[in-house]
Amino acid sequence: MTMGGRRESFADRTENSHLVSGTHGRDRRQQRSIEKVDLQRARRYGMAETQANGRIKYTYGGIVFIYDPHKNREITSFAAPDVASNNAGTKCSQPIQLAKMSVPQNQIENNKLMQRDPRAWKSHSVLVIDMSGSMRRDDVNGARCRSDGIFLTLARDYIKKQLDDGTSSSHDVVSVVIMKEDATTPILIEPLSCTLYNKLVDMREWSELRPSGPGNYMPALEIAETLIMISETFNKACALSLMFFSDGRPSDRGPFAEVIGRMASKFRRRLTVCCIGMAEAAMAEDAENFVALQDMVTEAEAYGAVASFSKPSMHTDSLSNIMTSLATSLTTSKTEMTDLKTGKSKALRTDVLRERRGTPDDDALTLQWIPYRSTDKKQFVRRIWSWSSQKNDFLHVIDPRCVCCYKKSKRGFKCGNCKICLVCKVCKKEYHQYFIQEHYKKDECYTALKSSRTGLVVSKDICSFSVAMKEPIFDEGAERIVHKFRYMDEHDQFIGPKMVAKQSRFVENDGSYEDRMSYHREFLRTQSLASRFADLFNEEIDALVDHFKDTEWIRKLPRIKFLEPLVIEVIKDGKEVNILIESELEGTYEKFNNNMGFVKGQNKHVQNGKINDLSSSLNQLGLGFNQPEGLGAGLGAIEEGSEEEEEEEEGNEEEEEEENVATDAALFDATVLGPESGSYLMEDLHEKYFPQAFSHYSYEKSKHKLMVVDLQGVFKVESDGTQQYMLTDPVIHKRRGKGKNKQSKQLESWTFGRTDRGEKGMKAFFDTHVCSGVCRLLGLEPQKPN
């Protein structure tokens, strides 16, 4: 149907238009107890289908109405076969109308240009929509049937809302896969725009697509995978979303979860997967109907994708909440892949796969591990770096191996030049002349000499200089991918503690050595400074014994500790690769807060043939590519003792030394506040409050210049009752400003990575932070959420 040169939607129709009734039509109505007003409502709100003879079939409110538009005459009417109970669907509520949007004159041409330029895409959403016969069922309040509810909320809440909010643009593209006996793509890589919105509004009508026949999962999943894989070929900085709408079990059989797992292993948290089960809550067979959808979600989660299964109540409001949540998840994914300083998208690595969650640890080397042996002249550990918080620079870890044979030398001879490099007795005798004349020219000696002269040398007990890293990653964060890592002995047996290796999640440009080390520099600086704050925090807790009579409970209060990372520099295929390693945390890994104001446990209000057809369509767009294969509650209240708190004068800042470092005086407030007067209930000193109090403490202790957030790791309770948070990967927010002295200027030059949100991040923390008894115990300035 068209109206003024465009398709008519049911928002264009009128309920009270004159309708001519013939004898046949009236008789049928009387026989079937159908009122004429029911026909008028069906004509206004019903699902319209144009028949071969030009007549229009309207389905609405349990009524099917056949109408002749040329004669404006009722032909016949009868009860619809897919009507729900009187408590659902159009028998319960009037359907929501959506008006079309006006399309700017140049939008269609601009959209065509965007379709052909995948490198400009910021996101690609693939929507798989079940249009099998059961999707005709009229049981969704606010819509005319199940399929109508999906297209309605997609148009209104996923497309129009993002356009209105400005969170998406024509750089975000959408594809729609229709799932029936076979699969089709009526919308292929359409930029998010008014044009796309109007197309989805049109698809509400059965004249466009009528639910019928079976719903086969495999053809639709194969097309969805093909569409998702476009990103691997053309754009590694594109956020991906797969939505799968179905109202029951698949009509076919196949490795559905395996297909999802294959995509998730490749794209990991860059991919959001949501399966939406559309069926009445009262249906007893729901659990069995949605096993396939739940298995798909489980597999996506197992490989690190952001995945969820949703079963909305049969109401458009419930569907709207899901759409809004999915739009938010997509925005979060795009933000993760955006350089907050430049605003440009960053390409993610797809050269690594993720192993399935729960994969047991290997007891020995397998083909999935990359070994770096001291005896291997092509693939070995070259040197190891630690970090100095005082010097704000890398520390060269002294290598106990001979620089010639790379074997450990207990009684080696030191290099006469750098006084650090060693040569064993055998090599000194055999290669004496070489060692004297050539070694001094080597990079190892030059680097060691430079580190020695600047005091950037440290001796550490390293388990072994032969190591191995497992190639498939086992975890991933917003910034880093995580591999399993082990030390090895001379027989390639794993020794020492279990370790993890962390590398950037993003594709890094091959620049200078300093450029390649900058990523690790920011990480080590951040974690080292956070560790210094933790030491001071723990000292404050320890000092509480001076203020209370009963002190046993103080010993059991949680302490904060951060892992100490190292950077291992390896040679692989003749190229330097820098790998950041640290101990593997044992226990339940949790995130206690983040850099956006989130607080754990806090209310969120406070914080086959068709593949070939598709390939042909993609080729027409120029996108052709190969197809993818606590403390005890019984302790009661604690009264503060009568001892007076010792007063400590705050000294004036000393003059900056010649060393180009920021001292504790420049970073930390020397004032010791001590606990507030009054009583403390142990429930107010629960361990859950300590991470948030630590973030608050870092803000106060740094004179409001810094804040340590994104606290994540494990909480451990020892057999003696002591408790500890073992943390890693923190974020530091830094307040920007011009330094008044050399020390402050030095702090201003420090960078803490892409996740540093500055004052915005600090505000986000205090927007959700509620001061607890721990904040009072530390004498922190009270802060109220905004």
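The values are calculated or read from the model by the stated rules, or taken from the named source; none is laboratory data. Please read all numbers here as calculations on a predicted model, not as lab measurements. Ideal geometry is used to build each Cβ from the backbone, glycine not excepted, and the neighbour counts take in all protein chains shown. SASA here: full protein model, heavy atoms, side chains in, ligands and nucleic acids out. Shrake-Rupley method; radii C 1.70, N 1.55, O 1.52, S 1.80 Å.
The table for this structure:
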item: ³J(HN,Hα), Karplus 6.51/-1.76/1.60, whole Hz, each residue of the stretch 413-422, x for Gly, Pro; result: 9, 6, 4, x, 8, 8, 6, 10, 4, 10
item: Lysines whose Cα lies under 21 Å from that of LYS180, excluding same-chain neighbours fewer than 8 positions away; result: LYS199, LYS311, LYS610
item: Cα centre as origin, Lys/Arg/Asp/Glu Cβ charges: the stretch 505-588 dipole, Debye; result: 160 debye
item: Most to least packed among 253-260, 23-30 [average Cβ atoms within 10 Å]; result: 253-260, 23-30
item: ³J(HN,Hα) computed for each position of the stretch 137-153 - Karplus, 6.51 cos²θ - 1.76 cosθ + 1.60, integer Hz, glycine/proline x; result: 4, 8, 9, 10, 5, x, 9, 9, 5, 5, 5, 4, x, 5, 5, 4, 6
item: Long pairs among LYS688/LYS763; LYS419/LYS502; LYS112/LYS236; LYS419/LYS484; LYS470/LYS561; LYS266/LYS346, criterion Cα-Cα beyond 24 Å; result: LYS419/LYS502; LYS419/LYS484; LYS470/LYS561
item: Farthest positive-ward along the stretch 47-192 dipole, Cα basis, beta-carbon charges - from ASN110, VAL64, ILE189; result: VAL64
item: Solvent exposure, largest accessible area first (probe 1.4 Å, DNA, RNA and ligands not counted), of LEU196, LEU681; result: LEU681, LEU196
item: About the Cα centre, charge dipole magnitude for the stretch 217-348 (Lys/Arg +1, Asp/Glu -1 at Cβ), debye; result: 920 debye
item: For peptides 703-714, 303-314, sequence by mean Cβ density within 10 Å, most packed first; result: 703-714, 303-314
item: Nearest-20 debye value, the stretch 98-225 charge dipole, Cβ charges on Lys, Arg, Asp, Glu; result: 220 debye
item: Residue-by-residue Karplus 3J(HN,Hα) for the stretch 102-110, coefficients 6.51, -1.76, 1.60, Hz, glycine and proline x; result: 6, 9, x, 4, 9, 5, 4, 5, 5
item: 1.4 Å probe accessible area per residue over the stretch 302-383, in Å²; result: 51 Å²
item: Exposure of VAL273 as accessible area (Å², to 10), given a probe of 1.4 Å and all protein chains; result: 0 Å²
item: 5 angstrom amide H check on VAL731, placed H, neighbours 5+ away; result: VAL709, ASP710
item: Share of carbon and sulfur in the accessible heavy-atom surface of the stretch 189-274 [1.4 Å probe, %]; result: 48 percent
item: Proximal lysines to LYS71, defined as alpha-carbon separation beneath 16 angstrom and excluding residues fewer than eight positions away on the same chain; result: LYS57
item: The stretch 12-133: proportion of alpha-carbon pairs further apart than 19 angstrom, %; result: 61 percent
item: Accessible surface, per residue, of the stretch 39-139 when the full set of protein chains is kept, probe 1.4 Å, Å²; result: 45 Å²
item: Accessible area of the stretch 476-591 belonging to carbon and sulfur atoms, whole % at 1.4 Å probe; result: 46 percent
item: Heavy-atom accessible area order for ARG249, ARG559, largest first, 1.4 Å probe; result: ARG249, ARG559
item: Long-range HN-HN contacts of ARG382 with modeled amide H, under 5 Å; result: GLU569, VAL570, ILE571
item: Cut-off under 5 Å, modelled amide H: who pairs with PHE562 long-range; result: LEU727
item: Most to least accessible of LYS57, LYS378, LYS36 (protein chains only, probe 1.4 Å); result: LYS378, LYS36, LYS57
